[in-house]
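Read through the structure below, which is laid out as structure tokens, and then see the notes.
Please treat every number below as a calculation from the coordinates, not as lab data. Remember, predicted model here, so these are calculated numbers, not experimental data. Ideal geometry is used to build each Cβ from the backbone, glycine not excepted, and the neighbour counts take in all protein chains shown.
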Amino acid sequence: MAGWMTHLLAFLVGIGVGAFWMSKRSGQSSESLPAHRQSDKTLRRLYKECPQFFDNIREELGRPEFHNVREFAILDSPRTTFVSEGLRVVCYEEEMSNIRAVATGLEESGFIDEVTRGKFPIYRMRDHFVSALATL
């Protein structure tokens, strides 16, 4: 009787080790789930602060010529002169009053990175942010 219990125990330990190894290998550990949920909550909170910004980014990235664009600039108004060496989405503070606060929140949460090279703030969107836009 002790023989089959030893085999059963070895089998169960093997399943546990296998499951643990697979979760670590796939990057879906139990520790990452709360962080993922927290970032979703943060993104939804920021969306509520300035839905026009998120809708504008989503609309621009949906255009064929902007499909691979990953940077956006924040300008004061549409009357502001802005020269860019590449294609970027442009957002205006005059139309979205709290856009800088939203950009700061996105940067602090790891959705975007500031890459300013001149007078106006420029941000690079991370791929998981672009993917998350579809769920908002």
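At-a-glance table
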read-out	value
Fewest-first sequence of Thr135, Thr42 by Cβ atoms within 10 Å of each Cβ	Thr135, Thr42
Label-point gap, in nm, between Arg63 and Asp76 - each point 7 angstrom along Cα→Cβ	2.4 nm
Fewest-first ranking of Cys50, Cys91, using other Cβ atoms within 10 Å as the exposure measure	Cys50, Cys91
Unit Cα scatterers, Debye sum, region 32-136: log10 I(q)/I(0) for q = 0.11 Å⁻¹	-0.32
